[in-house]
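Let me begin by presenting the structure, written as structure tokens, before commenting on it.
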């Protein structure tokens, strides 16, 4: 009897599964789909939503070749079939063919965009398949077809096609030279007005498969807007949208708005990613910690001090329920838009001598570096999970950074007066508590091969820009 095993093929993502078939004189039994065991062996988590059976009562019945906009898990309950697959996805393996006989002790995992066909060898054959999206006329319109007799694929049908039973539609499908390759699923960036979304748009400017939407196109706080948005084209969603008004979040109105975007909105995005089998990238903050530790690692328990940090921690917990998620925890972001460095530069140029907090410690993060880290995690095969991403080098206080801004601009750094947090906010109402240490440990992201730039380089670059 076969042991449960998962084997690869020349077509990336197309997998052969050996299924144990214990039995006796009464018959046999099999676990046709066993999520826990199969995932442990490397099979993707299919998440089936529909179970279909094609009953073929005559030898020689031949169906295909169809590439569909979902993943499939194929086997037979009775009989046997000759299965054939052709990679119709855009890329270097386009046109690669593979074939394998399917008996009750064999299953095949077919990824989206790989053309699928079979020919009945032993009849009657009950050909079964699980899929992870519901069939619809709109979905069928996205099918890509290839002729069963294509000379390039050169599938060695056991029963010559001239003697087999085919539908008129299958006979009319195009040859490989006329097939438009199935494109990869698109990438959606949510939150177009923020520093990170702008950096991502610049980094991915040459890509035709990236869409960047702002609040007018997708308002996460609006359940109806999220429900009406078409997420089906997207295989990757990057959430660069957030409510970030830290002090305003402490007010009655701000508290509601922060929870609406950072928690309820993120929850809606998580459910859409789950429903459409999309990877979700989410940006978090060091405000999920109270700052009592000198340096924060990714798995430190949440301990937010204020409303903003509480909503970010809740959003992180929701995102982490997805198998394919990447949370990038960052701090002190500088990019295109309003940020601390630009504010200090403006003060220096206008001859203003500011008082700046000296007992909050951290590192600057370039929005462009955060965008590069997202790109790296999505393309390097890094495991899903949470990663700290900031600039590197020696941590500094806000006051030290402000003085460095003045120095680099040719102003006297002594014009910046260091003060403690309590002194800076004395007499001011509605101020959110801040973590004393925003320093994030960077060992995990560096272990993936990502180069972290020193925050001094980040600062100098921000001033040049």
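Taking the condition of being more than 26 Å from the chain's Cα centre (by Cα) and within 25 Å of residue 178 (Cβ to Cβ), how many residues in segment 52-81 meet it? Here the count works out to 5. The test for being buried (at least 18 other Cβ atoms within 10 Å of the Cβ), in contact with a strand residue (DSSP E or B) (Cβ under 8 Å, 6 or more places away or on another chain) and either in the same structural domain as residue 281 (by TED's automatic domain parsing) or under 24 Å from residue 337 (Cα atoms) (or both) does not hold for residue 411.
When 254, 217 are screened for being over 24 Å from residue 377 (Cβ atoms) and modelled with pLDDT under 95, only 217 passes.
Screening the candidates 83, 64 for the property of being surrounded by 19 or more Cβ atoms within 10 Å (Cβ to Cβ), closer than 22 Å to residue 172 by Cα and in contact with a helix residue (DSSP H, G or I) (Cβ under 7 Å, 6 or more places away or on another chain) yields one hit, 64. The strands (runs of 3 or more DSSP E) located wholly in segment 284-399 that include 2 or more residues which are closer than 21 Å to residue 248 by Cα and in contact (Cβ under 8 Å) with a residue 24 or more places away in the chain occupy 355-357.
State the number of residues belonging to segment 18-45 that are surrounded by 14 or more Cβ atoms within 10 Å (Cβ to Cβ) and under 12 Å from residue 104 (Cβ atoms). Looking only at that region, the number is 6.
The values are calculated or read from the model by the stated rules, or taken from the named source; none is laboratory data. Source: prediction; values computed, not measured. Using ideal geometry, Cβ is built from the backbone for each residue, glycine included, and neighbour counts are taken over all protein chains shown.
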